[in-house]
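For reference, the structure discussed in these notes is given below.
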Amino acid sequence: MATSKITKEQWAVSEKYIAKIKADNANFAMQNGRQRLAHTETYGCQQNVNDTERIRGMLKSAGFGFTDKAEDADIVIYNTCAVRENAEQRVFGRLGILKHIKEQKPDMLIAVCGCMVQQEHITKKIKKVHDHVDLIFGTHALWRMPELLYRTMTETGIVIDIASEDGTISEDIPILRDKNEKAWVSVMYGCNNFCTYCIVPYVRGRQRSRMPNDILNEINCLVKNGTTEISLLGQNVNSYGKDLGLDIDFADLLKMVNDIDGVRRIRFMTSHPKDLSDKLIYTMRDCDKICKHLHLPFQSGSDKVLKQMNRHYTKAQYIAMIDKIKKEIPQITLTTDVIVGFPTETNEDFLETMDIINYVRYDSIFSFIYSRREGTPAAKLDFVLTDEEIHKNFDELLRVQNQICKEKNLEYEGRTELVLADGISKTDSSLMSGRTDGGKIVNFTGTPDMIGKYINVKITEAKQWSLRGEIIK
Ligand code: SAH
Ligand code: SF4
Ligand code: F3S
């Protein structure tokens, strides 16, 4: 299906509802002497983080303030993830807690949106088990949130919109970002790959790329407001453009972003190995602003499992790609995603996965135990290994990778790294925190006025998950 944008007329309807909610909120503020507050929580990937920024953008335009505490909120919105069962369990757990809060605050509105509720069986379950939920809307209904929210505020009964509207892009939704110095910019939505374990194509729809001009305009606006680091976002960014019918691929887009004055760092994720072209590798190598970090999920080292996962590459092809990248960009930081315990995975298959881990020596990895997703092809397969065997393999993977991670960090001791300061350290509030070009977290002695600045930091100590450094005067 061809991609179409939500029209100006369609968005004008949403704006009309934003104005209606705003008037209602102003009324509420006059009568109660306080602003209505919203609380949002995001589960899942950066795509969802970016969607929550749009939700907050719409809420702000509609006159809501924000609170970090669900119990202080007039409306609570959970933006949910369906990728693994534990992500869903957490949301059900939170909804259970909210039930008690709502008993004390009956006027509180509760909304659940995002990937998880795009699945019909989940929405049915929420209706049945959590009847204190007032609004449910899926990923395709994001741009209609103002109308849905207005109806929730003014009608009785639950409002639900999980219709699939495949092939549309909404460009007009306002975005409220948390940080100023760096920003996520979606370049595409959805996914066409149908890896057999994965729910994403079912809850996010088919791949649709944004027009290059829309992306570049957004980045130009960000830069005018002081943003210097841009992360281009999509489920499979290196297939960007294939659905547009223009002669532009992801490498071309990267080059265009590299040419924007004021952009200092460019990151992107996620790349699929089957679409990683030589052109992209050379573009990364040759464009000074593109960070030398590549997140390249391999999922499994076994050719048999890769085939059953529908990944379209072999272990040897993946390794050849890594060799090429390391040759062209020797300072590259590599990260990956791995799944342990895919149904047909044997202990021998797992050893092939460990082989890649030991060969590539990633700076860090995201590792997951396979989670059965209803409606995906792999959900029909029987397991070869027991839960216990899978957990044992998973622990072994973590043990080896933790060691590699520490050793990779030790290589940084004594080096000087350019760090973009982005906040106060999460592990020690007396320190500032930032990231290197390769994406490593560095904690250093500094002051909050440094946020947003690029600072030369000498690495003094490698920790397990981060680096410690001192500013070079
Ligand atoms: N589009 C990206 C990210 C997809 S979701 C990509 O293809 O790399 C992020 C990661 O979650 C995946 O890379 C995969 O490692 C993991 N994942 C997806 N489905 C899963 C499942 N059913 N069980 C366990 N891990 C899963
Ligand atoms: Fe899921 Fe595969 Fe698409 Fe990634 S590429 S979102 S793992 S189907
Ligand atoms: Fe989860 Fe949806 Fe992202 S399923 S991983 S939030 S696209």
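Observations, loosely collected:
- For E374: the one exception among (1) under 23 Å from G438 (Cβ atoms); (2) open to solvent by 30 Å² or more (accessible area, probe 1.4 Å); (3) charged (D, E, K, R); (4) in contact with a helix residue (DSSP H, G or I) (Cβ under 8 Å, 6 or more places away or on another chain): (1)
- Check on F268, open to solvent by 10 Å² or more (accessible area, probe 1.4 Å) and within 16 Å of ligand 2 (Cβ to nearest atom): yes
- Test for C221: is it at pLDDT 95 or above and either within 12 Å of ligand 1 (Cβ to nearest atom) or crowded, with 21+ Cβ neighbours inside 10 Å (or both): no
- Any hit, the range 200-215, residues being open to solvent by 50 Å² or more (accessible area, probe 1.4 Å) and assigned to a helix (DSSP H, G or I): yes
- Any chance I122 is buried (at least 22 other Cβ atoms within 10 Å of the Cβ), part of a helix (DSSP H, G or I) and either within 16 Å of ligand 3 (Cβ to nearest atom) or in contact (Cβ under 8 Å) with a residue 12 or more places away in the chain (or both): yes
- Yes/no for Q207 being touching a Ser or Thr at 6+ places or on another chain (Cβ under 8 Å) and without any contact (Cβ under 8 Å) to a residue 40 or more places away in the chain: yes
- Among the candidates I356, I390, the residue that is assigned to a helix (DSSP H, G or I), open to solvent by less than 20 Å² (accessible area, probe 1.4 Å), free of Cβ contacts under 8 Å to residues at least 60 places away in the same chain and within 12 Å of ligand 1 (Cβ to nearest atom) is uniquely I390.
- Of all residues in the range 278-308, those satisfying the criterion of being more than 16 Å from ligand 1 (Cβ to nearest atom) and either in a loop (DSSP other than H, G, I, E, B) or open to solvent by less than 10 Å² (accessible area, probe 1.4 Å) (or both) are I281, M284, C287, D288, K289, I290, C291, K292.
- Any hit, the range 86-96, residues being touching a strand residue (DSSP E or B) at 6+ places or on another chain (Cβ under 9 Å) and under 24 Å from I18 (Cα atoms): no
- Residues in the range 10-61 that are part of a helix (DSSP H, G or I), within 16 Å of ligand 3 (Cβ to nearest atom) and in contact (Cβ under 8 Å) with a residue 40 or more places away in the chain: 9 in all.
- Any hit, the range 319-331, residues being open to solvent by 50 Å² or more (accessible area, probe 1.4 Å), at pLDDT 95 or above, among the charged types (D, E, K, R) and in contact with a Ser or Thr (Cβ under 8 Å, 6 or more places away or on another chain): no
- Residue list for the range 54-96, restricted to those being away from ligand 1 (no atom under 16 Å from the Cβ), closer than 23 Å to V200 by Cβ and buried (at least 23 other Cβ atoms within 10 Å of the Cβ): I55, I77, Y78, V91
- For M145, the conditions (1) more than 16 Å from ligand 3 (Cβ to nearest atom); (2) open to solvent by 30 Å² or more (accessible area, probe 1.4 Å); (3) within 24 Å of E9 (Cβ to Cβ) all hold with the exception of (2).
The values are calculated or read from the model by the stated rules, or taken from the named source; none is laboratory data. What you see is a predicted model, and the numbers here were worked out from it, not measured in a lab. Methodologically, a virtual Cβ is constructed for each residue, glycine included, from the backbone with ideal geometry; neighbour enumeration extends over all protein chains shown. Accessible surface areas use protein heavy atoms only, side chains included; no ligands, DNA or RNA. Shrake-Rupley method; radii C 1.70, N 1.55, O 1.52, S 1.80 Å.
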